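Data first, discussion second: the structure below is written as structure tokens.
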Amino acid sequence: MSNPSRRSPRPRTLTESAFIPRIKCPHCGNDLEFFEVSEDAVVVTHYVQNPDSSFSIEDRSIQSTGESRLFCGSCEEDLSELHQRFSNMIF
Ligand SMILES: [Zn+2]
């Protein structure tokens with residue numbers, strides 16, 4: 001049963017929201033650029049055929065069925081131990 005006496009929730013302020021530290025390369029200190037390498041990626045490309053029988057790319061999606069690894073975009077250090085955190089922060 002839900003609590004009927006529940007009052008409106010306290011408004012969340014910016015300072016109150018959880019502070020999430022930036023992911024930072026422990027090797028070179030880079031916290032700006034990163035790249036991800038996905039193994040066993042399946043690339044699906046949708047095409048539309050034009051009146052002149054040529055094709056145009058409509059949409060492309062990449063699905064990785066394998067492991068993904070994270071690297072520092074500056075020194076290329078393997079940061080895969082931070083990958084889970086990284087994945088949760090992609091919006
Ligand atoms: Zn680095």
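Taking residues in the range 51-77 that are without any contact (Cβ under 8 Å) to a residue 60 or more places away in the chain, and partners anywhere that are β-branched (Val, Ile, Thr) and within 16 Å of the ligand (Cβ to nearest atom), the pairs with Cβ atoms closer than 6 Å and at least 6 places apart or on different chains are ARG69/VAL37. Collect the residues in the range 59-78 that are touching a strand residue (DSSP E or B) at 6+ places or on another chain (Cβ under 7 Å), of a type in the set (D, E, K, R) and exposed (fewer than 12 other Cβ atoms within 10 Å of the Cβ), keeping them in residue-number order. Listed by number, the residues that qualify are ASP59, ARG60.
If we keep just the residues of the range 79-91 that are within 13 Å of the chain's Cα centre (by Cα) and either within 11 Å of PHE34 (Cβ to Cβ) or within 11 Å of the ligand (Cβ to nearest atom) (or both), which is surrounded by the fewest Cβ atoms within 10 Å (Cβ to Cβ)? First the steps, then the outcome.
Of all residues in the range 79-91, those within 13 Å of the chain's Cα centre (by Cα) come to 82-91.
Keeping just the survivors that are either within 11 Å of PHE34 (Cβ to Cβ) or within 11 Å of the ligand (Cβ to nearest atom) (or both) gives 82-83, 86, 89-90.
Numbers: LEU82: 17, HIS83: 18, PHE86: 15, MET89: 11, ILE90: 6.
The selected residue is ILE90.
All of the numbers you see were taken from the coordinates with simple rules; none came from a lab. Computed from a predicted model, the values in this text were never measured in an experiment. In this analysis, Cβ positions are derived from the backbone assuming ideal geometry, glycine residues included, and neighbour counts consider all displayed protein chains.
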